[in-house]
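Everything on this sheet refers to the single structure shown next.
The values are calculated or read from the model by the stated rules, or taken from the named source; none is laboratory data. In this text the structure is predicted, and so the values were computed from the model without any measurement. Don't worry about glycine lacking a Cβ; one is built from the backbone with ideal geometry, like all the others, and counts go over all protein chains shown. The protein model used for the area step is the full one, side chains on, heavy atoms only, and it has no ligands, DNA or RNA in it. Shrake-Rupley method; radii C 1.70, N 1.55, O 1.52, S 1.80 Å.
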Amino acid sequence: MEETPSLLYKLKPLSDRLPSVKRPEGHVHFRTKMMWVIVVLVIYFIMTNVYLYGLDQEKSLDLFAQYRTIMAGASGSLLQLGIGPIVTASIIMQLFVGAKIIKLDLGKREDKACYQSVLKLLVIVMIIFEAIPQVFGYLVPSSGAEDLLGSGGAKLLLIAQLFIGSYIIFMMDEVVSKWGIGSGISLFIAAGVAQALFTGALNWNPVDIAADMSISNPPAGTIPRALYYVFTLSPEEMSSYGYESIFLGSPNPMIALVGTLVIFVIVAYLESTRIELPLSHGNARGARGRYPIKLMYASNIPVILMSALLAIVSMVALLLYNSHIPFIGNNSSIGYFEDGSTYAAGGIAWYLSAPQGLTSWLMPILDPLGYGNGHSAIQNLAHMMVYLSVMIMGSIMFAKFWVETTNLGPEAVAKQIQKSGMQMPGFRRDPRVLKRVLERYIPTITIMSGALVGALAAGADMIGTTGNASGTGVLLTVGIIIHLYEAIGREQMMEMNPVMRGFFGGE
């Protein structure tokens with residue numbers, strides 16, 4: 001039973017040779033941390049605008065189009081793969097550790113170092129695993145690159161660029177985690193979603209940029225389109241089709257903007273809901289504090305992992321649909337895709353895919369002639385129920401794994417509190433006693449938080465989101481911004497009072 005960890009330790013010397021970001025030896029000043037966050041964010045936006053050399057943009061197909069904001073990348077750029085390989089590698093490692101297939105105790109320094117080291121190697125494997133199918137299936141080299149390097153050489157050039165871009169974003173995530181504040185992955189997601197929301201709400205350019213602006217080609221942004229219709233159409237025309245176009249017309253309908261704002265408010269409220277356990281310092285009389293257990297205890301990580309898993313399912317279904325493998329190749333029951341689309345139109349992949357607002361499921365039920373999508377009312381309802389159930393159950397599963405593998409469980413928290421010198425008033429200073437108290441709250445809160453984030457993300461997808469940011473993207477962005485604000489507050493507190501570094505895990 002001890003063979004698996006010994007195998008990982010055999011891989012560690014190899015993975016340790018990979019380029020990595022060195023952890024700071026001492027305390028990093030708050031201003032230095034903020035500087036690194038800003039620098040990494042600027043580099044990220046630059047990379048999303050550096051397009052792949054030798055790629056034919058018009059003929060290529062974005063395999064992750066519907067998950068683009070969550071993947072924190074940009075189609076056709078160096079960040080075509082986004083954070084996909086990093087998240088996928090994390091999913092695999094967490095599943096193996098959580099299921100005890102890999103026996104590592106992440107509370108031990110050497111086991112955690114082995115985990116992080118092997119994760120780097122797995123990220124490289126996942127970059128190659130995700131890059132090769134895209135380049136050989138959906139990313140088409142330009143004629144100029146093929147003339148210069150040949151077909152095989154042009155594709156290898158694209159793979160090399162995807163590898164470099166993906167590994168750079170992995171390194172930038174390490175920079176933020178070790179030298180900055182918060183998580184680099186979360187920062188990239190928030191930046192991409194914020195950009196999509198801003199342009200989706202305020203873009204004044206017409207839907208078809210090549211054509212002049214008109215009633216049939218209005219501004220693409222939600223607010224500019226509403227203003228354009230109000231000042232252009234007559235009251236009769238507004239009553240006839242104007243209001244319907246404003247509230248339901250794609251892209252960026254008004255109902256999606258309203259839904260996005262509602263999700264913002266709900267998530268902000270839930271993030272502030274918490275249980276606070278009283279603490280007192282064992283050696284300093286009068287020194288008291290509280291340990292907060294948030295309702296959203298598992299944070300937004302479970303829904304990131306779940307969305308990444310569904311993105312992989314969609315990718316595999318698309319690859320199979322375009323393959324000639326016996327039984328499963330080109331099998332519409334697994335997933336049916338229309339030409340030029342990466343969004344499943346039928347099959348199992350369709351039931352597991354995220355809806356794209358009310359016009360993709362509710363309106364086809366209410367008005368099948370005007371909004372029909374080729375599926376019956378029962379099928380559309382089943383699609384919603386399956387997607388909602390999968391998101392909730394999957395998020396609960398990943399929430400439990402995440403809490404146990406990141407030292408957020410009752411035992412790890414009890415040790416952390418005792419190590420800081422704090423204890424619960426009225427209880428013996430024993431981590432086992434504190435663990436039993438925490439076991440009354442943390443497991444239940446973990447399940448509730450996983451179910452909530454899964455339901456909120458799925459609900460936002462059902463209503464629709466501005467800029468096609470996806471429900472998961474909006475949910476993550478709100479949580480990320482709130483957590484970043486709280487992390488900045490903690491960093492400032494530790495900067496002013498070095499004694500607090502021990503309690504918060506600082507150096």
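Quick notes on this one:
- Over 28 Å (Cα to Cα) - which of Lys10/Lys419; Lys178/Lys400; Lys33/Lys435; Lys120/Lys294 fall in this group: Lys10/Lys419; Lys33/Lys435; Lys120/Lys294
- Gain on full stretching of the segment that runs from Ile209 to Ser341 - 0.36 nm per residue minus C-alpha separation: 45.4 nm
- Ordering Phe231, Ala201, Gly180 by the projection of their Cα atoms onto the charge dipole of region 169-256, which places +1 on the Cβ of Lys and Arg and -1 on the Cβ of Asp and Glu, puts Gly180 at the extreme positive end.
- Ranked by solvent-accessible area (1.4 Å probe, protein heavy atoms only, all chains present), the residues His375, His383, His29 order from largest to smallest as His29, His375, His383.
- Ranked by how many other beta carbons lie within 10 Å on average, peptides 291-300, 340-349 from highest: 291-300, 340-349
- Carbon and sulfur %, accessible surface of region 370-478 computed with the full protein complex present, 1.4 Å: 63
- Each Lys and Arg adds +1 at its Cβ and each Asp and Glu adds -1 at its Cβ; summed about the Cα centre, region 123-236 shows a dipole of about 260 debye.
- Toward the positive end of the charge dipole of the chain, with +1 on the Cβ of Lys and Arg and -1 on the Cβ of Asp and Glu, the farthest Cα among Leu158, Thr444, Ile417 is that of Ile417.
- To the nearest ten degrees, helix 3-16 and the longest principal axis of the Cα atoms of the chain are 80 degrees apart.
- What you get for the chain, charging only the Cβ of Lys and Arg (+1) and of Asp and Glu (-1), is a dipole of about 2840 debye around the Cα centre.
- Separation between Cα centres of region 311-331 and region 369-419, rounded to whole Å: 25
- With a Förster radius of 41 Å applied to the beta-carbon distance between Ser280 and Leu11, the computed FRET efficiency rounds to 0.35.
- Highest to lowest packing among 227-233, 61-67, 207-213, 127-133, scored as the average C-beta count within 10 Å: 61-67, 127-133, 227-233, 207-213
- Under 5 Å, built H, 5+ apart or other chain: amide partners of Leu277: Tyr291, Ile293
- Pairwise centroid distance, computed over Cα atoms, of region 72-138 with region 194-259, Å: 40
- Only Lys, Arg (+1) and Asp, Glu (-1) charged, at Cβ; region 387-503 dipole about Cα centre in debye: 620
- Å² of accessible area per residue within the chain, as computed with a 1.4 Å probe and no ligands counted: 48
- The peptide list 116-123, 395-402, 308-315, put in order of mean Cβ contacts within 10 Å with the highest first, becomes 395-402, 308-315, 116-123.
- Helix-only arithmetic for the chain: the sum of -39500 (n - 2.57) across DSSP H runs with n ≥ 4, divided by the residue total, places the mean residue ellipticity at 222 nm at -19500 deg cm²/dmol.
- Relative contact order [Cα under 8 Å, 6+ residues apart], the chain, whole percent: 18
- With a Förster radius of 51 Å applied to the C-beta separation of Val175 and Val230, the computed FRET efficiency comes to 0.60.
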